[in-house]
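Worksheet: one structure, shown below.
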């Protein structure tokens, strides 16, 4: 987003300095062909013309990045977000997905001749699983599949930026001003920063957006907030400073060297086209959000390390973006103020799908997600469609469960089992998001 104007000017730089400049920048950009790795079971595009771009901050520990940590998978993601551009290009929303989000992972091609088994893990694990063979394409494909399965959004493009390129972009702008309220000392992030406003560059800039345990509440959520603030400050700095061809080229050289995209976006021309679409979006209609969430400890007391997405708010957020509807950030925050924990949702699962053992399988999935399953059995009759019913007083709990079943709306039923929500699995059942 913040590089929009700079990328749009890249062609002008090339024209003024010679074709070798254009070719050099174009050749910097890595390409990852992911199309053949995504399979056919993908979300339908409900808003033709809009675009969803998956952006990953690569936390890989190979090459020059090795000093930031050892004994980690070569492919590792530190930051994950989805940027939605409206079809009319009048607004955009950037949704951060906490790296500690506990989600369902699909089976993925590991890139080493093996396929991973589906299961549950942190969302950023998908990048490491798909990148087992050391290729960004595999890492990207598994991450795209995971995000699509979890959000219901069709991902159109993919971008990955690594550590070294991030530092280069900040340095090309002469640094970025940050104003920490307290001193930050974080050995893991290689950061020793005094309190107060100051300009950071190089290792300090990288450490500032990476630091986690030594500032605030030590959570990934606090880090996301700092990263979003830093991106906005970087945007303002880029508009102010990138006025000469030399400054612009230095910025673009660092940016493109750190960048890997899907095949359709790999190149100065397609990136410039995207940038031209982005740069006209008014600043007050560029919204940064974090998917509503809460600590998984509320559902699974032994898990103090992860977060789970808050339903039905998360489902509503992604449904709005899928239909190209602008999200009201303040309303989303207000609606998310009182979470209904999955553990408080008591569920009876009945099988009307015609598939033997389906109720037991779904019950296990629900337990893994923190729900309280009170029992399983067969539905009184075959059900063409899945349904969620509830007795009076359990509207919110039923809404939480129904929001995770695409196309299902919870309905009150006087004959429903007292104290529990009833899920009847129909022939149309296609998993729990």
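The values are calculated or read from the model by the stated rules, or taken from the named source; none is laboratory data. Keep in mind it's a predicted model, so treat the numbers as computed, not measured. Cβ coordinates were reconstructed from backbone atoms using ideal geometry, including for glycine residues, and neighbour counts include every protein chain displayed.
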Seminar exercise, completed: Checked the range 344-360 for anything surrounded by fewer than 16 Cβ atoms within 10 Å (Cβ to Cβ), in contact with a strand residue (DSSP E or B) (Cβ under 9 Å, 6 or more places away or on another chain) and either on the phi > 0 side of the Ramachandran plot or in a helix (DSSP H, G or I) (or both); matches are 357, 360
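Tell me, yes or no, whether the range 401-411 has at least one residue that is over 29 Å from the mean Cα position of the chain (by Cα) and modelled with pLDDT of 95 or more.
So far as the range 401-411 goes, yes, one or more of its residues are over 29 Å from the mean Cα position of the chain (by Cα) and modelled with pLDDT of 95 or more.
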Exercise. Only one of (1) on the phi > 0 side of the Ramachandran plot; (2) surrounded by 13 or more Cβ atoms within 10 Å (Cβ to Cβ); (3) out of contact with any helix residue (DSSP H, G or I) (no Cβ under 8 Å at 6 or more places or on another chain) is not met by residue 428, so which one is it?
Worked result: (1)
For this session: Filter the range 241-279 down to residues that are touching a helix residue (DSSP H, G or I) at 6+ places or on another chain (Cβ under 7 Å) and in a helix (DSSP H, G or I), then give me how many there are.
Result: 20
Seminar exercise, completed: When the range 145-156 is checked residue by residue, the ones that are farther than 13 Å from residue 81 by Cβ and either surrounded by fewer than 24 Cβ atoms within 10 Å (Cβ to Cβ) or more than 12 Å from the chain's Cα centre (by Cα) (or both) are 148, 149, 150, 152, 154, 156
Seminar exercise, completed: Over the range 165-210, the set of residues in contact with a helix residue (DSSP H, G or I) (Cβ under 8 Å, 6 or more places away or on another chain), part of a strand (DSSP E or B) and within 21 Å of residue 251 (Cβ to Cβ) is 176, 177, 178, 200
Exercise. Listed residues 317, 271, 286; which is closer than 26 Å to residue 406 by Cα, under 21 Å from the mean Cα position of the chain (by Cα) and at pLDDT 80 or above?
Worked result: 317
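Of the residues 369, 363, which single one is assigned by TED's automatic domain parsing to the domain that holds residue 403 and at pLDDT 95 or above?
Details: 369 fails: at pLDDT 95 or above.
Answer to the selection: 363.
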For this session: Six or more apart or on different chains, Cβ under 7 Å: which pairs go from a residue in the range 222-246 that's on the phi < 0 side of the Ramachandran plot and surrounded by fewer than 16 Cβ atoms within 10 Å (Cβ to Cβ) to one that's in a helix (DSSP H, G or I) and modelled with pLDDT under 70? Could you list them?
Result: 239/5; 245/13; 245/16; 245/17
Exercise. Does residue 238 fit the bill of being part of a helix (DSSP H, G or I), touching a helix residue (DSSP H, G or I) at 6+ places or on another chain (Cβ under 7 Å) and assigned by TED's automatic domain parsing to the domain that holds residue 102?
Worked result: yes
Problem set entry | Candidates 112, 100, 192 - the one that is in contact (Cβ under 8 Å) with a residue 24 or more places away in the chain, surrounded by fewer than 22 Cβ atoms within 10 Å (Cβ to Cβ), more than 30 Å from residue 273 (Cβ to Cβ) and not assigned by TED's automatic domain parsing to the domain that holds residue 407 | 100
Exercise. Got a number for residues in the range 280-316 being outside any loop (DSSP other than H, G, I, E, B) and within 29 Å of residue 38 (Cβ to Cβ)?
Worked result: 14
